[in-house]
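A short worksheet on the structure shown next.
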Amino acid sequence: DYETLRAINPRIVLASISGFGQTGPYRDRGGFDQIAQGMGGLMWLTGLPGQGPVRAGVAIADSASGLYAVVGILIALAERGDSGEGQWVQTSLLQSQIALLDFQAARYLVDGVVPEQAGNDHPTSTPMGLYRTADGFINIGASGEDLWRRLCRAIGHPALAERPEFRSEPDRLANRPRLNAELGAILAGRPSREWLDAFTAHGVPAGPVNRMDEVFADPQVEHLGMAVPVQHPRRGAIRLVGQPVVLSRTPAGIAAPTPEAGAHTDDILGGLGYTPQEVADFRSRRVI
């Protein structure tokens, strides 16, 4: 445990990720991502109104816990440069999931509002959500008065911005079903690509709704190098997800796929000074 390790090396930084925390009434419970999504409030925020709880499509609490742990480790390493001492970094699936609730959690903690499912609409701003076009779907983000007026010009209906029921953001939010119906009727008349070009020309944030194959065929995704080719010993040429952080002086790279179990055992033991005969003996006795 940390105290034992600290007694040996006071500079050690130990990171622990659990389901629910290192202390407290749930400390001994097993945790999985979906359990944390439910306990942390996300499943009652995700999905269409009245649909019932819906999990996110990826292991969001798992991934966030790893990221928060890394942030904690980096903070501890930076602080160690001043104090000379390490520390115990802790996070959990539950803590990470709650932290990700962001403004939805603040709506309750500050204003006492229990957020409900809003489907593909933004909970507090409109028009900001999913809209059907002649050949698919697009997402539009036009919160605030300037973007709202740009949107109206981009779709060829500038007078829409001056209608009393849509004039301010509170008005638009109060009349969102009517607004979405009117925008939907307009947007259904042209294909997604034409609308996206028009929105880009008018400075309105918008984007396609891609399936996985479309994600990695997108020219911006290709430019960012988010699919990295590697050679797998059994599968041959494959692609792996690239790193999302760009470092100017020490850029990340992916050199190989995840190794098979024990793929580097001989190299590691050889580097530690064991002879091939000793490694073979370990293997024959099932030490490795």
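Nothing in this text is a laboratory measurement; each read-out follows from the coordinates by a stated rule. Given the structure is predicted, the values throughout are model-derived calculations rather than measurements. A quick note on method: Cβ atoms are made from the backbone with ideal geometry, for glycine too, and the neighbour counts reach across all protein chains shown.
Tabulated values for the structure
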| item | result |
| --- | --- |
| Loop-located trypsin sites (Lys or Arg not before Pro) in region 195-245, at most 11 other Cβ atoms within 10 Å (DSSP) | R211, R234, R235 |
| Estimated distance in nm for a label pair at F216 and V54, the labels positioned 7 Å out from Cα along Cα-to-Cβ | 2.6 nm |
| Stretchable slack from E79 to A280, in nm (0.36 nm times residue separation minus alpha-carbon distance) | 67.9 nm |
| Options (1) 194; (2) 238; (3) 170 - which one matches volume of the Cα convex hull per residue in Å³ as calculated here | (2) |
| Among H202, H264, H122: highest mean-square fluctuation, GNM of the chain, C-alpha pairs under 10 Å | H264 |
| Candidates per trypsin sites (Lys or Arg not before Pro) in region 114-159, loop by DSSP, up to 15 other Cβ within 10 Å | none |
| Among A188, A78, A198: highest mean-square fluctuation, GNM of the chain, C-alpha pairs under 10 Å | A78 |
| Region 1-160: antiparallel DSSP beta bridges as a percent of all, rounded to 5 | 50 percent |
| Antiparallel bridge percentage (DSSP; both residues within the chain; nearest 5) | 75 percent |
| Selection of trypsin sites (Lys or Arg not before Pro), region 242-288, meeting DSSP coil and at most 11 other Cβ within 10 Å | R249, R285, R286 |
| Amide H contacts of V89 (H built 1.01 Å from N, under 5 Å, at least 5 apart or other chain) | L14, A15, S16 |
| Highest-first arrangement of 90-100, 251-261, where packing means the average Cβ count within 10 Å | 90-100, 251-261 |
| Longest segment of the chain lacking chymotrypsin sites (Phe, Trp or Tyr not before Pro) that sit in a DSSP loop with at most 16 other Cβ atoms within 10 Å | 33-273 |
